[in-house]
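These notes concern the structure reproduced below.
The values are calculated or read from the model by the stated rules, or taken from the named source; none is laboratory data. From a predicted model like this one, the values you see are computed outputs, not experimental measurements. We place every Cβ from the backbone using ideal geometry, glycine too, and count neighbours over all the protein chains shown. Heads up: the accessible areas ignore ligands, DNA and RNA and are worked out on the full protein's heavy atoms, side chains in. Shrake-Rupley method; radii C 1.70, N 1.55, O 1.52, S 1.80 Å.
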Amino acid sequence: MGRKSPFFDVGIIGAGPAGLFAAHHLAGKFSVLVIDRKRRPGGAGAVTDGKLNLTPKIGMDLNDLGLSEEEAFEIIDEIDSTFLRFGADPQLYGVDDEKVTWWLEKISWVQHRYEDGRVDIELVPARQRHMGTDMAGKVISAF
């Protein structure tokens, strides 16, 4: 892109979601180089099914991260709006309370509840954006 210097201010190893968001936030302030071992950026999720789980209850430990649930949702909303800005499908899944209730009732017949109240299987209702492999690749490329 017309760079005269072979040097960059910042080098990011890994073009998964964290690397892409880091590059996105630094771009315009610094010259950024993103390196990944794969041909296609986006990490495993972008090349498999392009699914975004928009809840801190899947894949996050808020205590480890030092975040409140409110803070986590603010970050998740920022990430989601970024994906939308780059062309993610606006269709949102997991927001139909009637369907969520139906699924919660459906799994209850296979759930085993222990004396201490724990269950061996749990359905975690979550907002979800599903791009699919093809659309995820396009969104990541636009990113």
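Figures for the structure shown
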read-out: Test: THR82 is among the hydroxyl-bearing types (Ser, Thr, Tyr), at pLDDT 90 or above and under 23 Å from ALA15 (Cβ atoms); value: yes
read-out: Pairs with Cβ under 9 Å, 6+ apart, first in the range 29-56 and closer than 19 Å to GLY87 by Cα, second assigned to a strand (DSSP E or B) and modelled with pLDDT under 85; value: GLY45/LYS51
read-out: Top-ranked residue in the range 39-51 [being in a loop (DSSP other than H, G, I, E, B) and surrounded by 13 or more Cβ atoms within 10 Å (Cβ to Cβ); ranked as modelled with the highest pLDDT]; value: GLY50
read-out: Neighbours by Cβ (under 9 Å, 6+ apart or cross-chain): first from the range 127-143, open to solvent by 70 Å² or more (accessible area, probe 1.4 Å); second of a type in the set (Phe, Trp, Tyr) and part of a loop (DSSP other than H, G, I, E, B); value: LYS138/PHE86; SER141/PHE86
read-out: Qualifying residue in the range 114-124 (condition: within 23 Å of GLY16 (Cβ to Cβ), part of a loop (DSSP other than H, G, I, E, B), among the β-branched types (Val, Ile, Thr) and open to solvent by 40 Å² or more (accessible area, probe 1.4 Å)); value: yes
read-out: Any hit, the range 90-110, residues being under 30 Å from PHE8 (Cβ atoms) and outside any strand (DSSP E or B); value: no
read-out: Lone qualifier among LEU54, LEU62, LEU67 - being open to solvent by less than 60 Å² (accessible area, probe 1.4 Å), of a type outside the set (Gly, Ala, Ser), closer than 25 Å to ALA142 by Cα and at pLDDT 90 or above; value: LEU54
read-out: Residue identified as part of a helix (DSSP H, G or I) and modelled with pLDDT under 90 among ALA72, ALA18; value: ALA18
